[in-house]
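First comes the structure, then the notes that go with it.
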Amino acid sequence: MEDYGNHQRISSPGDGTEKKFRSRLAEAADVARRTLESVQALAGTSYCKGVQIHALRRYAIETGCWLDDPSVLGDYVDRGSEHEVYSARDADLVFKLNDFRYADDNLNAFFERIQAHNLYFPDCAYDLIGFALNHEGRVCAVLVQPFIHAEREATPQEIADALMLSGFQPQLEGEYFSNGEYDIFDALPNNVLRGTDGHFYFIDTIIYPTGNEGYSTYRSLSPRFL
């Protein structure tokens, strides 16, 4: 087993700029993409999620964005289907350790999803600040997101109305929504908040490119269907 030692050097949100975090997201996506291409060239398969995760851990350690102790992020809040959630103690920020559950055979879907989320929901965009192990010992991406001051969860009808205003239409009686380019899953009340400002914030949805078997992938990986 590799000895990763002590690498508690991750930057906090106040230490760097948004540009730095955006660059880190692009760099990590490039590590995953190049790993996929290498595996495809050698073995002719796209099933390389484990190899990509190993490469990303090595990348995080080499670049100083590996976090040994996630508790330094803030107070542990909850565990969802794919995230461990921490609330920052001194800022309106939420940290999420994403275990790549919804990336099936390789991590390209994860990075595409983060980019798509930030495009459609910029008010609660994610930044990638590093990598860490969650409580289950799984390598996770450490994401940071603005804390939303909410008065309540959105209702299913409010969620549908907001998505349709943005060009997404319900599919399979509202099982998911699509605009012909991306399909949005998991747009449920606990993932969509009505802010104190009256706006709706889609803090945590699953996004796949349309026509990429997203529905079957989502059903196979979501705890809702286990």
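Worth a mention:
- Residue count, region 73-87 (criterion: touching a Phe, Trp or Tyr at 6+ places or on another chain (Cβ under 9 Å) and either surrounded by fewer than 17 Cβ atoms within 10 Å (Cβ to Cβ) or charged (D, E, K, R) (or both)): 7
- Pairs are defined by a Cβ separation below 9 Å, a sequence spacing of at least 6 or placement on different chains, a first member in region 28-55 that is farther than 16 Å from residue 98 by Cα, and a second member that is open to solvent by 70 Å² or more (accessible area, probe 1.4 Å) and modelled with pLDDT under 95; the pairs so defined are 39/47; 46/40; 47/104; 48/40.
- Looking only at region 181-192, residues that are open to solvent by 60 Å² or more (accessible area, probe 1.4 Å) and either of a type in the set (D, E, K, R) or over 29 Å from residue 87 (Cβ atoms) (or both) come to 1 in all.
- One residue stands out in region 144-171 among those that are free of Cβ contacts under 8 Å to residues at least 12 places away in the same chain and in contact with a strand residue (DSSP E or B) (Cβ under 7 Å, 6 or more places away or on another chain): the one that is surrounded by the most Cβ atoms within 10 Å (Cβ to Cβ), namely 170.
- Within region 34-77, restricting attention to residues that are touching a helix residue (DSSP H, G or I) at 6+ places or on another chain (Cβ under 7 Å) and part of a helix (DSSP H, G or I), the residue that is farthest from residue 131 (Cα to Cα) is 39.
- Yes/no for residue 91 being outside any helix (DSSP H, G or I), among the small types (Gly, Ala, Ser) and surrounded by fewer than 21 Cβ atoms within 10 Å (Cβ to Cβ): yes
- Odd one out for residue 120 among (1) in contact (Cβ under 8 Å) with a residue 40 or more places away in the chain; (2) within 21 Å of residue 168 (Cα to Cα); (3) touching a Phe, Trp or Tyr at 6+ places or on another chain (Cβ under 7 Å): (3)
- Residue match in region 193-205 (condition: surrounded by 16 or more Cβ atoms within 10 Å (Cβ to Cβ) and without any contact (Cβ under 8 Å) to a residue 40 or more places away in the chain): no
- Only one of 24, 9 that is of a type in the set (Lys, Arg), part of a helix (DSSP H, G or I), under 13 Å from residue 129 (Cβ atoms) and at pLDDT below 95: 24
The values are calculated or read from the model by the stated rules, or taken from the named source; none is laboratory data. Since the model is a prediction, treat every value here as computed from it, not as a measurement. Positions of Cβ are backbone-derived with ideal geometry, glycine not excepted, and every protein chain shown enters the neighbour counts. SASA here: full protein model, heavy atoms, side chains in, ligands and nucleic acids out. Shrake-Rupley method; radii C 1.70, N 1.55, O 1.52, S 1.80 Å.
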